[in-house]
Structures are given as structure tokens and as C-alpha cells.
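K.L.:
Got a structure for you, written out below as C-alpha cells; questions coming shortly.
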Amino acid sequence: MILKLAVRNVLRSAHDYSVYFATLAFAACLLYSFTASGDYLLSLDLTADQRGIYESASMITQAFSVFSALVFAFLVTYANRFILRRRSREFATYGIMGMEPATMARILVYEGCVAAVVALAVGMLVGVLASPLFGAVAAFVFDAPWQLLFVFSADAALWTAECFAGLMVLALALEVRSLRKHSLLELLDADSTPEQPKGTARLSVGFQTLLAVVLLAVVWGSCLFQPVQFIVWILPMGVAAVLATGMLFRVWAIRRPERARRRPDRLLVGLRLFDLRQLQARMSLSANAMACTCVLIAVAVCMMVAGLAFSVGMRDGFGQLSSHTLAPIGYVGIFYGITFLVAAAAVLALQQLAGAADDRQAYRMLGNLGCDAAMMRRSIRSQVGTCFALPMAFALVHDVFGLALVAFLAYTLGSAQFPVIVAGVVGVTVALLGVYYLITCRECGRMLLPQESE
């Protein structure tokens, strides 16, 4: 009975949470394909020396895939939190009807297991079908002959399943804990109650600005003038960059309406005033999460550029090291860059979906006041576009300093075509974020304008 209810709920919500399911499936596909890439390379017609290098690369990639699982743990936890917030009223209804908290927790766990199994199966199936494509990327990086082969790796499938099991246990444990600690009244109002500012959000605007400038001066200065110390302390530097970026986003959200009021002729056009107020409220609470995505995008660009520079770029370079020597490091950099980029794009999309869930009443009121659907759709695109463009733009600012360090290392090792590599990586990054932006706009419009077809 409970399992049947859980399956029905998952089927009913599959369209509502398409970004969530797509991200889970893509995570499974990426984890599987990355781990299986060594098996694909070893299936090619290789020399003894090449086989030895690629066997070492396979062990390196499998060891580093643990960190990609940690990134997706953050992503899955964030996504499940969003889903629980959206469905809190439904669980409150179960409680009002007399269902025990333990039974509601079982429903939640069953739903999570069903979603995870479906996403895992779809993701690994796509990974197997796309193995020639992922193999082509790996062969290109390692400069190996490519063949059209479909490869299934039992070890990679087992590793991916183990990672997913661990991720879902963590996410579902946090969901059950959150469900049990809220009363029925809190669950009824959870999807409409705004979150309260925490941490640095309580500081004054001036102090946040000053602190952000100091932190960024330390991070960027270390990257340019003390690169060794920056690499040694890269994790604390990353935390400092996230905190500083979050404070600047929050300050921007507060100051932007004040500057807009200086141009009343533009402020009162369409729903611009409404958009500014919505952005201010949303970013004042989610600035830190947006800062995390911003830094993830910046790191992703640097890692992909470094990966390509230390592998493909070495083929035409003038250094003493060959492209085969650094190819394992380059491939790891490319994979983790893609992982971080997808995770950042998915979190941005989930943030906007969560915000849209909170904005349903506001848009319903706009409709009651006579606002047409086209104007409201433009409002949605404007808000979502700002929340995608701002992290992307500031990530490129971070990359100005990060890529300076990568360029120094690349030219020192003798890598070539560095500007071309940077342009290609930035173009792919913008294109991927653009795809997620279009999907997010469509889903937000469907949530806020249910009577309108996109």
C-alpha cells in the first residue's frame, strides 16, 4: 500500500521536478562514464607503453571520482530539500488524516528510493549508449586511436551504484529528520513561509562591502603574487571567495533598487519595479548559495582549461614533457570541470524553481489585477536571467585571476594554443548555462502561469 502510494507520487511529480530527475540521471551518467573511461581506453588497439599509461590513469580517475561524489552529495541534498519544501503541504495533509510520522517517513524514503533507482538506471543506460562519445573525448585527450565501441564496465556500474546508495542515504536521512522536527502547522506553511536571513546577512551593508573587498584582495592577490601559497591554502581561499561573493551579491540586491529609483521613467515600465523587489527578496536569502555556484563555475572553467592545456595543448608545445605524461592529470581536470559546471547549473535551476514555488501567490495576484500573461512571462525570464547571468559574470571575474595562474603554469610547461582553449571552454560554459536557463524559464512559467502554454 505504502510502496504503491510512493510510486504513484513519483510518477505524478516526474514532470514537476524534471530538472531534479535530469540532474540525478546526468550525475549517474557522468560518474559511470568517468570511471568506465579507463576500460574503454584499454579496449582500444594500444601499444604496451600506452597501455601502461592508461592503466595508471584508470586508477587515478577512480580515486579522484570520490570528490565528484561529494559534489553531487551537495547537489542531491539541495534538490531533496527543495522537493520536501514543495511537498510539505501534502505530508501535512497526511498527518491531519491520521497518518503516523513513521509512516510518512517511510513514504518519503520509498519515493526517494524509487527516484534514485530510476535515475540510476537511466543514467547508466545513457552512459553505456554514450560510451563511444565519452571514449572519443578520452581518446582525444590521450591522443589515442578512436573506434566505435559500446563498452559496459561492471566495476564502474558497481561503483556508481555504491555512490548513489551513499548519496541517497545521506539525503533521505536529512529529509526524514527535517520532516519529523516540524509540526503539522509548520508543514502546512512551509511552502509559503520565507526563510530568515542568517550569518553574514545580518551585518550592515557597509561592513559587508568592506569585508568582501578585503577577502577578495587576499584571494586574488595570493593567486597573482603568491601562487604556491594559494595552491597550498586553496580550500580556505575557496571558502573566503564564497563568503566575499555572497556578501557582494547581497549588497548588489540591496543597492540595485536604490539606483533604479533614480530613473523613474524606466523603473515604472512594465513589471520592472516588481522584478526588482522579487530579486531583492530572493537574493538577500540565497546569496550564499548563488556564491557557491559562482565559485563552482569559476573553478570549473579553470579546471577544464588546465585539463586541456596540460593534455591537448602539450602536443604542439615546446616543453620537455609529452602530452602522454600529463594526460591523466589533464583528463581528471576536464572531468571535474564538467562535474562542477553541471552541479552549479543544476543548483541555479533548483534555486529558481524554489523561488517560483514561493512566488505563486504574487503572480496569482498580478493575474487578478489584470496583468497579461506575456508581461508576467517577461518578468519570469528577467528574474531568472539575472540569477543566471550574475553568477556567470562574476565567475568570469574570478577566472581573470585564476586563469592567470593556469596560464603561467601552462606556458612554463610548454603548452600551446592557450587563448583558443580559454575561448572554447568559456563558450561551452555559457552554452550549457543557457540551456539550463531555457529549461528553468519553461518550468517556472509552467508553475506560475498554469493556464498558459509555453
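The values are calculated or read from the model by the stated rules, or taken from the named source; none is laboratory data. All values reported here derive from a predicted model rather than from experimental measurement. Glycine gets a Cβ as well: all are built from the backbone with ideal geometry, and neighbour counts include every protein chain shown. Note: accessible area is taken over every heavy atom of the protein model, side chains too, but ligands, DNA and RNA are not part of it. Shrake-Rupley method; radii C 1.70, N 1.55, O 1.52, S 1.80 Å.
K.L.:
Working only with C-alpha atoms, what are the Rg and Dmax values of the range 356-406, expressed in angstrom?
P.N.:
Over the range 356-406's Cα set, Rg and Dmax evaluate to 17.3, 55 Å.
K.L.:
Projected onto the charge dipole of the range 340-454 (+1 at Lys/Arg Cβ, -1 at Asp/Glu Cβ, origin at the Cα centre), which of I380, A393, A407 gives the Cα projection farthest towards the positive end?
P.N.:
Positive-most Cα among the choices belongs to I380.
K.L.:
If you roll a 1.4 Å probe over the heavy atoms of the protein chains, what accessible area per residue do you get for the range 338-454, in Å²? Let's see the in-between values first.
P.N.:
Numbers: 4930 Å² over 117 residues.
Value for the range 338-454: 42 Å² per residue.
K.L.:
To the nearest 20 debye, what charge dipole does the range 339-392 have about its Cα centre, counting +1 at the Cβ of each Lys and Arg and -1 at the Cβ of each Asp and Glu? Don't skip to the end; give the middle numbers.
P.N.:
On the way: 5 positive and 3 negative charges, 23 e Å.
Computed about the Cα centre, the dipole is about 120 debye.
K.L.:
With θ set to phi - 60°, apply the Karplus curve 6.51 cos²θ - 1.76 cosθ + 1.60 along the range 222-235 and write out the HN-Hα couplings as whole Hz, x wherever there is a Gly or Pro.
P.N.:
5, 5, 7, 10, 9, x, 5, 5, 4, 5, 5, 9, 5, 5
K.L.:
For the range 399-408, what does the Karplus curve 6.51 cos²θ - 1.76 cosθ + 1.60, with θ = phi - 60°, yield as ³J(HN,Hα) per residue in whole Hz, taken in order and with x for Gly and Pro?
P.N.:
Whole-Hz 3J(HN,Hα) from phi for the range 399-408: 5, 4, 7, x, 6, 4, 5, 5, 5, 4.
K.L.:
Karplus couplings for the range 144-152 from phi (6.51 cos²θ - 1.76 cosθ + 1.60, θ = phi - 60°), rounded to Hz, Gly and Pro as x?
P.N.:
10, x, 9, 10, 7, 10, 9, 10, 10
K.L.:
Hey, another quick one. Compute the separation of the alpha-carbon centres of the range 101-153 and the range 374-405 and state it in Å as a whole number.
P.N.:
For the range 101-153 versus the range 374-405, the Cα centre distance is 29 Å.
K.L.:
Using a 1.4 angstrom probe on heavy atoms only, work out the carbon and sulfur share of the accessible area of the range 90-173 in %.
P.N.:
Result for the range 90-173: 78 percent of the exposed heavy-atom area is carbon or sulfur.
K.L.:
Still on this structure: With the Cα gyration tensor of the range 359-454 giving a ≥ b ≥ c as the square roots of its eigenvalues, does the rule (a/c under 1.5 for rounded; else a/b larger than b/c for prolate; else oblate) give rounded, prolate or oblate? Working shown, then result.
P.N.:
Working: a/c = 5.39, a/b = 3.42, b/c = 1.58.
Here the range 359-454 falls in the prolate category.
K.L.:
In the range 390-454, carbon and sulfur make up what percent of the accessible area (probe 1.4 Å)?
P.N.:
75 percent
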